[in-house]
Structures are given as structure tokens and as C-alpha cells.
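Let me begin by presenting the structure, written as C-alpha cells, before commenting on it.
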Amino acid sequence: FQVQIDDSLSSSFKDFERFAARKDWEKAFRAIGEIPSEKRVGMLKSSDGMILPARLLLRQVVADLPADGREAFRVFFDAKARELLSQINKEDAPPGEDVKIAQQVYDEYFLTSVGDDAANLLGDAAFEQGDFRGAERHWRAILDHHPNTELSELRIQVKRAIALLRAGRSKQFVAIVNDIQQRFPGEQ
């Protein structure tokens, strides 16, 4: 079988990689910023030859940027991400729209100042639907990529632990509980 790769998506991604390698952040982010959300459902070939979903690969390469690149990403996309996330909880929104918006912020603007809020909302939604591994993955992403989050680290770790337990991953659950006990003694 053959995996279809969108040429325009691939071209924009290669432009991003080329500009990012030169640390020309404005051109790099303009290249991926021009990729519409509906195009991000395709597949892309990573630098190591693996073919991955575009959303995953784009989020991964942005998260792996050097510190100056991540900061430039925040500056470049923060206003757009905040505007998008502000649409959550609107009274006239159709059911499920909050999760859809949070997913877009998570996929496209995760490293912005509101990416952690989107990931937390997605973790809660995944947990409520019984996708405990997905919930844990979203909450772990906050801890891994948002060190300055205003969300409570203790609360996120507890949510991760519960999700891991529900997912049947008892060894990881025990490790997180031990970490919580050592790092947050006496807290509830």
C-alpha cells in the first residue's frame, strides 16, 4: 500500500525546516502558519524517513526547537492562539466545539501561553470519554513543554496518576505517586 503525502503540505514543511535550520524564525513560522487546519490532517515524512500525521510532526518539530525558536514561536503566534481559545465556552457554540477549538490550539499553537490550558481541557475531555492514555499524554505534555505554566503541577500530576491507574499502567502510577509524595509532602 502507499501512504498519500500532500505535496503542498510537504513543501511548506520543508520550507519551515529550511528556515528553522537558519534560525530565520519569521519565515519559518510564516511557512507553517500558512498551512490551513484542514490540511494538517495529512501525512508528512520526517527527517528520519518516518511518515507521521502532519499535526503530530508539526507539533513535535516546534517543541524540539531551540529555546530562542520556541520563544519566537510564542511571540509570533500567541495573539492568534489567545483569540482562538477565547472562543471556548461561548453560549451559542454547538456541543463539542470547545474540544474542537482546544484541539486546534493544541495542534497548531501548543507552545504559546495558552497551549497548556488547551492541553488541560483536552486531558479532561479524554478522561471523561474513557481515553485514559490520551488524557495522561495531554497532561504530561504540559509538564514537559510548559515549565512556567500557571496550572498546579501537583493537580496535573495527580490527574496523570489517576489516568495511568485507570489505564492499567500500575508501575507508572506507583512512580508518579512516589514522586508526588517526595516533591509535595503534606499537600492535598
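The values are calculated or read from the model by the stated rules, or taken from the named source; none is laboratory data. Computed from a prediction, not measured in an experiment: that's the story for all the values here. We place every Cβ from the backbone using ideal geometry, glycine too, and count neighbours over all the protein chains shown. For accessibility, only protein heavy atoms count, side chains too; no ligands or nucleic acids. Shrake-Rupley method; radii C 1.70, N 1.55, O 1.52, S 1.80 Å.
At a glance:
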item	result
Of residues in segment 134-156 being touching a Lys or Arg at 6+ places or on another chain (Cβ under 8 Å) and not hydrophobic (A, V, I, L, M, F, W, C), the one farthest from Leu111 (Cα to Cα)	Glu136
Among the candidates Ala54, Ala63, Ala31, residue that is within 26 Å of Pro147 (Cβ to Cβ) and of a type in the set (A, V, I, L, M, F, W, C)	Ala63
Scan of segment 33-59 for residues that are at pLDDT 80 or above, part of a loop (DSSP other than H, G, I, E, B) and surrounded by 14 or more Cβ atoms within 10 Å (Cβ to Cβ), ordered by number	Ile35, Ser46
Test result for Ser152, of a type in the set (Gly, Ala, Ser) and farther than 26 Å from Gly33 by Cβ	yes
Selection count, segment 127-141, where residues are surrounded by 22 or more Cβ atoms within 10 Å (Cβ to Cβ) and out of contact with any helix residue (DSSP H, G or I) (no Cβ under 8 Å at 6 or more places or on another chain)	0
Per-region count, segment 18-32, residues open to solvent by 70 Å² or more (accessible area, probe 1.4 Å) and not small (Gly, Ala, Ser)	6
Any pair with Cβ under 8 angstrom, 6 or more apart, that starts in segment 6-28 at a residue that is basic (Lys, Arg) and assigned to a loop (DSSP other than H, G, I, E, B) and ends at one that is modelled with pLDDT of 90 or more and surrounded by 17 or more Cβ atoms within 10 Å (Cβ to Cβ)	Lys23/Gly69
Selected residue (only one of Asp98, Asp107, Asp124, Asp144 is among the acidic types (Asp, Glu), within 29 Å of Lys23 (Cβ to Cβ), open to solvent by less than 70 Å² (accessible area, probe 1.4 Å) and assigned to a helix (DSSP H, G or I))	Asp107
Residue pairs meeting the criteria (Cβ under 9 Å; at least 6 apart or on separate chains; first without any contact (Cβ under 8 Å) to a residue 60 or more places away in the chain, in segment 35-58; second open to solvent by 80 Å² or more (accessible area, probe 1.4 Å) and not charged (D, E, K, R))	Gly42/Gln4; Met43/Gln4; Ser46/Gln60; Leu52/Gln60; Pro53/Val41; Ala54/Val41; Arg55/Val41; Leu57/Met50
